[in-house]
1. Within the set of pairs 6+ apart or on separate chains, which have a first residue in the range 142-165 that is closer than 26 Å to Ser118 by Cβ, a second that is in a helix (DSSP H, G or I) and modelled with pLDDT of 75 or more, and C-beta atoms under 7 Å apart?
2. Got a sec? Which strands (runs of 3 or more DSSP E) wholly within the range 107-154 have at least 1 residues that are of a type outside the set (Lys, Arg), over 30 Å from Ala61 (Cβ atoms) and at pLDDT 70 or above?
3. Only residues that are buried (at least 16 other Cβ atoms within 10 Å of the Cβ) and in contact (Cβ under 8 Å) with a residue 12 or more places away in the chain: list them for the range 90-109, please.
4. Considering only residues that are open to solvent by 50 Å² or more (accessible area, probe 1.4 Å) and either touching a Gly at 6+ places or on another chain (Cβ under 9 Å) or in a loop (DSSP other than H, G, I, E, B) (or both), which ones fall in the range 46-69?
Amino acid sequence: MAEERTDRHALPLLQAGQAQKEMTHNEALVLLDLIAGAAAEAVAEVPPSAPEPGQCWIVGATPVGAWTGQADALAGWTESGWRFVVPREGLSVWLAAAGCTAAWQGGAWRIGAAHARSLSVDGTQVVGAQQPAIADPAGGGTVDAEARATLAAILAALRTHGLVAPA
């Protein structure tokens, strides 16, 4: 008899009679299979008519059919039917239809958004908190040397932040 495995990551399931724990153990493995390296097809309100085992979706805000009552959950189709995982803060899912990640943050899915207080590259902060606005030029009597000095200061700031390579 072939060993049963989960649909996505082929985790081994216990057979009936092995320690009499197969129901809870196998259910836990099926749910782990859904969220480990999570990937979803899309965000949807309506369950697909012919899902394949291992396929997942992010359930939209007003789901219908088999997804009723599962708003915002990660829904995965298994050989035994639908399984749902309630998202927790920080859960990230690859969203194939959008070609980006969706992250559960602050009670909602954030699709394709990068949220951070700063951005570092190779240990160097290159983007930080937003700075005050730069005033628009006024007057028209600006001397060429002043314009060049301003551009040099802007380039120096961009280089300092690592956004422009040194000259």
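1. Listed pairs, sorted by first residue: Val164/Leu155; Val164/Leu158.
2. Details: elements: 108-111, 119-121, 124-127.
Of the strands (runs of 3 or more DSSP E) lying wholly inside the range 107-154, those with at least 1 residues that are of a type outside the set (Lys, Arg), over 30 Å from Ala61 (Cβ atoms) and at pLDDT 70 or above span 119-121, 124-127.
3. Here is the first cut: in the range 90-109, the ones buried (at least 16 other Cβ atoms within 10 Å of the Cβ) are 91, 93, 95, 101-104, 109.
Residues satisfying the conditions are Leu91, Val93, Leu95, Ala102, Ala103, Trp104, Trp109.
4. If we filter the range 46-69 for residues that are open to solvent by 50 Å² or more (accessible area, probe 1.4 Å), which is where we start, we get 46, 49-50, 52-53, 61-62, 64-66, 68-69.
Correct list: Val46, Ser49, Ala50, Glu52, Pro53, Ala61, Thr62, Val64, Ala66, Thr68, Gly69.
The values are calculated or read from the model by the stated rules, or taken from the named source; none is laboratory data. All values derive from a computational prediction rather than experimental measurement. Neighbour counts are summed over all protein chains in view; Cβ atoms, including those assigned to glycine, are modelled from backbone coordinates with ideal geometry. With ligands, DNA and RNA removed, areas are computed over all heavy atoms of the protein, side chains included. Shrake-Rupley method; radii C 1.70, N 1.55, O 1.52, S 1.80 Å.
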